[in-house]
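The values are calculated or read from the model by the stated rules, or taken from the named source; none is laboratory data. The structure displayed is predicted, hence computed values, not measured ones. In this analysis, Cβ positions are derived from the backbone assuming ideal geometry, glycine residues included, and neighbour counts consider all displayed protein chains.
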Amino acid sequence: MAEGGEDARRRIIRWDDPAGSTEAAGRLAGLSFLEAIRDGRLPAPPVSRLLGFALTEVEAGRAVFECEPSESHYNPIGSVHGGVISTLLDSALSCAVHTTLPAGTGYTTAELKVNFVRPVVTGTGRLRSEGRVIHVGSRLATAEARLTDAAGKLYAHAVGTCLVFTAR
């Protein structure tokens, strides 16, 4: 049994119904939509609640997510799972693209290339995933993201391509 009893390593996840945000995503320009999430006027998406990360900064062509690594993010060998790191990077770079899109336009990640530079553990402290747009065209957009700690040390970086489409 874990120190502190069975509940020491239990996690209860609560999230808001995503229907309101989904509806708002179709009628708001990308930057306005993400500002509403950052400011709490729209709920954070369920995945951010599940993994414990939050949108903390957003402006045209740029988005920043932050996360405090925990044991719940660990893989079997005692470091944060690469999927969690990839999700942080994908969220930052794809939301950076989203900031440039008009209302009624959506996107999906078409390609993601991640480079892991060093392991992330609970002692790493708060992580910052900053995404920046490289290029936005009518059908494809590219962006990059960097995952750093509070001192600016690099842990991973990524480049991605988003497919841009008219939302229905």
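The residues listed here are Arg118, Arg49; of these, the one that is assigned to a loop (DSSP other than H, G, I, E, B) and out of contact with any Cys (no Cβ under 7 Å at 6 or more places or on another chain) is Arg118.
Given the structure, is Val136 touching a strand residue (DSSP E or B) at 6+ places or on another chain (Cβ under 8 Å) and either closer than 27 Å to Thr22 by Cβ or surrounded by fewer than 16 Cβ atoms within 10 Å (Cβ to Cβ) (or both)?
Values: touching a strand residue (DSSP E or B) at 6+ places or on another chain (Cβ under 8 Å): yes; either closer than 27 Å to Thr22 by Cβ or surrounded by fewer than 16 Cβ atoms within 10 Å (Cβ to Cβ) (or both): yes.
Taking the combined requirement at face value, the residue satisfies it.
When each of Ala44, Ala25 is tested for being touching a strand residue (DSSP E or B) at 6+ places or on another chain (Cβ under 9 Å) and either without any contact (Cβ under 8 Å) to a residue 24 or more places away in the chain or in a loop (DSSP other than H, G, I, E, B) (or both), the lone residue that passes is Ala44.
Residues to consider are Ala25, Ala36, Ala96; find the one that is of a type outside the set (Val, Ile, Thr) and touching a helix residue (DSSP H, G or I) at 6+ places or on another chain (Cβ under 6 Å). Let's see the steps before the verdict.
On the way: Ala36 fails: touching a helix residue (DSSP H, G or I) at 6+ places or on another chain (Cβ under 6 Å); Ala96 fails: touching a helix residue (DSSP H, G or I) at 6+ places or on another chain (Cβ under 6 Å).
Going through Ala25, Ala36, Ala96 in turn, the sole match is Ala25.
Right, Ala36: assigned to a helix (DSSP H, G or I), at pLDDT 90 or above, in contact with a Leu (Cβ under 8 Å, 6 or more places away or on another chain) and farther than 21 Å from Ser129 by Cα or not? Answer is no for this residue.
From the residues in segment 106-121 that are at pLDDT 95 or above and within 20 Å of Leu28 (Cβ to Cβ), which one is surrounded by the most Cβ atoms within 10 Å (Cβ to Cβ)?
So the first thing to find is which residues in segment 106-121 are at pLDDT 95 or above, and the list is 107-121.
Then drop every residue that is not within 20 Å of Leu28 (Cβ to Cβ), which leaves 107-108.
Details: Tyr107: 21, Thr108: 9.
Restricting to residues being at pLDDT 95 or above and within 20 Å of Leu28 (Cβ to Cβ), the top hit is Tyr107.
The residues listed here are Gly131, Gly152; of these, the one that is of a type outside the set (Val, Ile, Thr) and outside any loop (DSSP other than H, G, I, E, B) is Gly131. In segment 145-168, the residues that are at pLDDT 95 or above and among the acidic types (Asp, Glu) reach residues that are surrounded by 12 or more Cβ atoms within 10 Å (Cβ to Cβ) and in a strand (DSSP E or B) with C-beta atoms within less than 9 angstrom, at least six apart or across chains, in these pairs: Asp149/Leu127; Asp149/Arg128; Asp149/Tyr155. Within segment 74-119, the set of residues being touching a residue at least 40 places away in the same chain (Cβ under 8 Å), more than 14 Å from Leu140 (Cβ to Cβ), among the β-branched types (Val, Ile, Thr) and out of contact with any His (no Cβ under 8 Å at 6 or more places or on another chain) comprises Ile85, Thr87, Thr99.
Does segment 89-106 contain at least one residue that is more than 20 Å from Glu68 (Cα to Cα), of a type outside the set (Lys, Arg), in a strand (DSSP E or B) and in contact with a Ser or Thr (Cβ under 9 Å, 6 or more places away or on another chain)? Yes, segment 89-106 contains at least one residue that is more than 20 Å from Glu68 (Cα to Cα), of a type outside the set (Lys, Arg), in a strand (DSSP E or B) and in contact with a Ser or Thr (Cβ under 9 Å, 6 or more places away or on another chain).
Of the residues that sit in segment 54-73 and are touching a residue at least 40 places away in the same chain (Cβ under 8 Å) and of a type in the set (A, V, I, L, M, F, W, C), which one is farthest from Val120 (Cα to Cα)? It comes out as Ala60.
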